[in-house]
């Protein structure tokens, strides 16, 4: 498919819809309709991409779009989809990391997953070209359509089944959500001593660079990695009045030491 | 003090000594002697900075150096220092994140800590200007000497007492060593599904950027942050055969949910 083949509508006007719509139009692809329960947010999006129209109508039976993106919160998708009507043989793509492909099957027999592996914020530009797009589809021709589109928007396109996608999401929770929690605890410890968290910026960045350059299993440093029990004991003493941090310290140190 | 005042010797020729010596000479400051138990590694360092001489002699009583850096492993410093002799009134600086200032007091009454908050590797260039230098000293004039020197080498100089430095090191363990462990576990989960760890590179980098831009406490996302018990349950099921990852998943999710 050429770019001109695509005639895209988006259900949703949240953060993901916003960044997706901008990636689509900046590649010269066409947005037809943007649906949102809130007409105001749909309007804002349509104005910012300078094309397409908003709608609050859930009946798309007569739409000319051949691709519909479902960019709604995970818990909303299975419920709200029942109220929508799509043209026959249209390709329906959801954008969720956790929902299986099968949530779409009653809404359209041609369906797929188009999951950009990234967290989005309003007002913060992202380089969509660098975002891995995880794809899955109900059939070969749908996969081709989704995959061609993905390659227009990103340099990194992966075929990932629903089953594998579950583990990918779990792995992202460990690498991103849980790391961020450790940053919160770290900032807490520093705040008590009136040391700015910024002091760790360079070291954290270097940790991430190394983990992806040489593999995190080769980059592990610190007292637990060198089995430095004296420092571990000193640290647990510093944490004695904070059971949450102490428990996390012990568990992750044991994990690094291989005694978990 | 002008740059020309400094006449620096370094005890140690390991990774930290290597990067410190290069930072010193590239700022036009003078290295006099490099001591190492292994003459070969001292030679290699001296050749690479193209100045100074190596020594294996522990008696520096007649040295012309006015600053000595102790860049040795933490556990070695208190033991080995007893064998050294330094000129009277010379400034002795150790470079450790965990050792107190007091380990130096018997070796020289003028002493201080000059702790670059970074992990160093051989063969990997670092921008020393961006590394926070944590300083402490026995007296005002020693602090001035150390601080002037630190400002020649880095744009980020902090005064941190031994007591505060303990907490800084602990905070770095949470933010860096423990995050790296989570990367290892994450890579493990992906490897079982034959998904390359590289797929998370962009997302992890974005997590770190956000944590330092808006504060990690404002950047927390994921199932635990939105109290999405359904996803948490699905994840714990995926981990049911791995007690280590399961325990870490539960503890960090509880921590994010504020029920720890």
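The values are calculated or read from the model by the stated rules, or taken from the named source; none is laboratory data. None of the values given here were measured: they were computed from a predicted structure. All Cβ positions, glycine included, derive from the backbone under ideal geometry; neighbour counts span all protein chains shown.
Scanning region B:91-108 for residues that are over 26 Å from residue A:226 (Cα atoms) and buried (at least 16 other Cβ atoms within 10 Å of the Cβ) returns B:91, B:92, B:107, B:108. Within region B:219-260, the set of residues being within 21 Å of residue A:197 (Cα to Cα), part of a helix (DSSP H, G or I) and within 27 Å of the chain's Cα centre (by Cα) comprises B:219, B:252. Only one of the listed residues (B:168, B:190) is surrounded by 19 or more Cβ atoms within 10 Å (Cβ to Cβ), in contact with a strand residue (DSSP E or B) (Cβ under 8 Å, 6 or more places away or on another chain), within 26 Å of residue A:254 (Cβ to Cβ) and facing another protein chain (nearest Cβ under 8 Å). That residue is B:168.
For every residue, the table says whether it meets (1) under 30 Å from residue B:198 (Cβ atoms); (2) surrounded by 20 or more Cβ atoms within 10 Å (Cβ to Cβ).
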| position | (1), (2) |
| --- | --- |
| A:59 | no, no |
| A:76 | no, no |
| A:86 | no, yes |
| A:89 | no, no |
| A:142 | yes, yes |
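Scanning region A:1-25 for residues that are surrounded by fewer than 17 Cβ atoms within 10 Å (Cβ to Cβ), without any contact (Cβ under 8 Å) to a residue 40 or more places away in the chain and part of a helix (DSSP H, G or I) returns a single hit, A:4.
Scanning region A:194-214 for residues that are more than 7 Å from chain B (Cβ to nearest Cβ) and buried (at least 21 other Cβ atoms within 10 Å of the Cβ), which turns out modelled with the highest pLDDT? Here the residue is A:197. No other residue among B:114, B:128 is crowded, with 24+ Cβ neighbours inside 10 Å and in contact with a helix residue (DSSP H, G or I) (Cβ under 8 Å, 6 or more places away or on another chain) apart from B:114. Restricting region A:224-252 to residues that are in contact (Cβ under 8 Å) with a residue 12 or more places away in the chain and more than 8 Å from chain B (Cβ to nearest Cβ), which is surrounded by the fewest Cβ atoms within 10 Å (Cβ to Cβ)? Within region A:224-252, the match that is surrounded by the fewest Cβ atoms within 10 Å (Cβ to Cβ) is A:227. Of the residues making up region B:172-184, not a single one is at pLDDT 95 or above and not in a helix (DSSP H, G or I).
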